[in-house]
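A quick write-up on the structure given underneath.
The values are calculated or read from the model by the stated rules, or taken from the named source; none is laboratory data. Please read all numbers here as calculations on a predicted model, not as lab measurements. Note: ideal-geometry Cβ built from the backbone for every residue, glycine included; neighbour counts use all protein chains shown. When the accessible area is computed, the model is the full protein with side chains, heavy atoms only, and any ligands, DNA or RNA have been set aside. Shrake-Rupley method; radii C 1.70, N 1.55, O 1.52, S 1.80 Å.
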Amino acid sequence: MIDKLGEKLTHLFLKYMPNAFVFAMLLTLITALTAFLWIGATPLKIITAWYDGFFDLLAFAMQVVLIIITGFSIALSPIIKKGIDAFTKYIHTPKQVYIFVIIIGSLLTLVSFGWVVITCVLARALALRVKGINYPYLIGCVYISCGIWVAGFSSSIPLLLNTEGNFLIQSGVLTHVIPTAYTLGSTLNITMIITLLIATPLLLVLLRPKHAQNKEITDLMIAKQAAKTPTIKEEALSLKLPFKSYSDTINNSQVLPLILVIMGLTYIFYHFKTKGFDLNFNIMIFIFIIAGVLLHRTPMRYVISMKKASSNISGILFQYPFYAGIMGIMIYTGLGEKLGQILAAQASVNTYPFFAYITGAFVNFAIPSAGGEFAVVGPSIINAVKEIGNGLPNETVTAMISRASMSVAYGESLSNLLQPFYLLLVLPVMAAGIKIQARDIMGYLVLPFSLLFILQALLVSFCPL
């Protein structure tokens with residue numbers, strides 16, 4: 001019955017789901033129409049707000065891009081490739097592949113959501129070696145595994161709350177930063193991590209398709225794989241001149257990277273010694289850059305790895321401004337504030353985490369970015385929590401704000417299973433040379449979404465602070 005239901009949902013998505021960019025365009029029109037009919041914004045006001053939003057998240061978008069490509073660069077390093085080759089020797093059945101990919105993917109994206117690309121490389125290698133794998137479902141497993149990132153070190157909202165001078169402090173919504181001990185280190189977040197690491201693999205093994213007819217990776221390849229591509233090291237050597245030159249010596253020197261690595265490690269040590277476990281976008285990007293330079297050993301190899309990693313982000317680069325435009329409509333017409341106020345007004349001291357969770361899940365369809373979404377609904381939710389907690393100790397109110405903020409993050413991440421935007425991060429690796437689209441995958445995600453929604457809603461509502 002489960003298998004047939006999964007096939008039915010997959011067929012519905014194949015029939016009705018448009019391209020991810022068309023999805024963004026439709027959401028833009030729906031958001032604009034809502035602002036016109038509900039808020040009463042004039043067409044010119046909506047169009048102006050849309051334009052203004054295009055450029056509001058450029059700095060944040062650059063941080064996201066750097067997290068992705070620096071993480072991917074690490075994934076392309078020889079040591080990671082050797083690790084993948086070692087792991088794949090012990091995986092022999094589709095069931096083992098699904099479980100292994102979900103667990104490894106979850107652990108990697110707890111470090112950084114950009115490391116989902118390592119999971120992609122691993123999953124594709126396994127699909128080529130193990131017979132009987134339903135490849136669209138495997139891509140779905142990879143996509144689901146990265147949903148835990150909002151509980152990990154690169155989670156946008158906790159890092160934002162812990163960043164000095166963030167927009168919430170500048171606007172007076174908060175008076176101080178909220179340390180990650182209240183968010184990432186909370187009982188709720190640790191419980192969420194443990195629960196998802198156990199429940200998600202079990203759930204997806206239960207829901208896995210019982211057959212892979214015409215859906216193995218070899219069935220979906222557009223053409224036979226090309227001859228073996230050169231490694232980064234081989235490509236770097238091929239770029240050398242046919243005669244000895246100082247430029248080649250410098251380009252392939254291991255001394256310059258080593259000096260920079262020593263400098264970088266010195267600062268990283270200093271940062272955590274003086275600021276404690278202070279994680280934000282900038283230090284995460286810096287750590288990834290230094291790690292990439294160390295693993296690739298020479299400037300030329302690192303340049304080649306970053307070039308390869310950058311090819312993974314074209315979809316995000318041109319679609320991100322459109323979602324920023326949707327955010328602009330929601331901010332500058334007052335639509336986002338109105339929506340946040342309505343949802344927050346329904347909350348009480350017992351129900352505010354659930355309403356924050358629902359808000360995060362719902363608004364994510366228009367703004368599939370935890371940080372961007374929080375810019376829209378975060379102030380309304382925080383103000384509502386402050387009002388609910390009026391008279392309580394400051395530490396308790398801070399914990400309540402942290403709980404509501406993490407609830408938004410969990411809802412935002414889970415509803416990505418019904419929002420194809422971040423598949424743009426997975427498909428460039430897993431769909432290269434393969435006839436497959438987002439609509440081939442999304443149908444497999446509906447049942448996991450439904451069951452995980454219930455599980456997460458219970459946790460955010462009843463898990464102790």
Original post:
Once all Cα-Cα distances of segment 1-150 are split into 10 Å bins that start at 0, what whole-number percent is in each one?
Top reply: 10, 26, 28, 22, 11, 4, 0
Subject >> Part-to-part distance (alpha-carbon centres) for segment 114-163 and segment 318-382, which is given in Å >> reply: 25
Subject >> Sequence ranges 26-35, 83-92, ranked by mean other-Cβ count within 10 angstrom, highest first >> reply: 26-35, 83-92
Original post:
Which listed residue (Ile331, Ile157, Gly391) has the Cα farthest towards the positive end of the charge dipole for the chain, taking +1 on Lys and Arg C-beta and -1 on Asp and Glu C-beta about the Cα centre?
Top reply: Ile157
Original post:
Reachable lysines from Lys338, Cα under 26 Å, same-chain residues fewer than 8 places away excluded?
Top reply: Lys45, Lys386
Original post:
Span-like helices, the chain: DSSP H, alpha-carbon axial extent 27 Å or more, mean Kyte-Doolittle -0.5 or greater, which ones?
Top reply: 187-206, 255-275, 314-332, 394-414
Original post:
For segment 268-389, which whole percent of the accessible surface, found with a 1.4 angstrom probe, sits on carbon and sulfur atoms?
Top reply: 66
Subject >> Around Lys82: net Lys/Arg minus Asp/Glu count, Cβ-Cβ under 15 Å >> reply: +3
Original post:
So what's Rg/Rh here for the chain, counting alpha carbon atoms and using the Kirkwood radius for Rh?
Top reply: 0.98
Subject >> Spatially proximal aspartates and glutamates relative to Lys240 (Cα-Cα < 13 Å; intrachain offsets below 8 disregarded) >> reply: Asp248
**OP:** Mind ranking 302-309, 171-178, 331-338 by how tightly packed they are, going by the mean number of other C-beta atoms within 10 angstrom, highest first?
**Re:** 331-338, 302-309, 171-178
Original post:
Taking the Cα centre of segment 373-447 as the origin, how large is its charge dipole in debye, to the nearest 20, when only Lys and Arg (+1) and Asp and Glu (-1) carry charge on their Cβ atoms?
Top reply: 200
**OP:** Give me the accessible area per residue for segment 205-336, probe 1.4 Å, as a whole number in Å².
**Re:** 59
**OP:** For Ile434, list long-range residues whose amide hydrogen, built 1.01 Å from N in the peptide plane, is under 5 Å from its own amide hydrogen.
**Re:** Ile222
Subject >> Dipole magnitude (debye, nearest 20) for the chain, charges at Cβ of Lys, Arg, Asp, Glu >> reply: 1580
Original post:
Pairs Lys82/Lys131; Lys15/Lys131; Lys89/Lys215; Lys8/Lys81: which are spaced more than 31 Å apart, C-alpha to C-alpha?
Top reply: Lys8/Lys81
Subject >> Contact order normalised by residue count of segment 307-452, Cα under 8 Å, 6+ apart, percent >> reply: 28
**OP:** Taking the Cα centre of segment 77-146 as origin, sum charge times position over the Cβ atoms of Lys and Arg (+1) and Asp and Glu (-1), and report the length of that vector in debye to the nearest 20.
**Re:** 220
Original post:
Sorted by packing (mean other beta-carbon atoms within 10 Å per residue), highest first, where do 192-198, 444-450, 371-377 land?
Top reply: 371-377, 444-450, 192-198
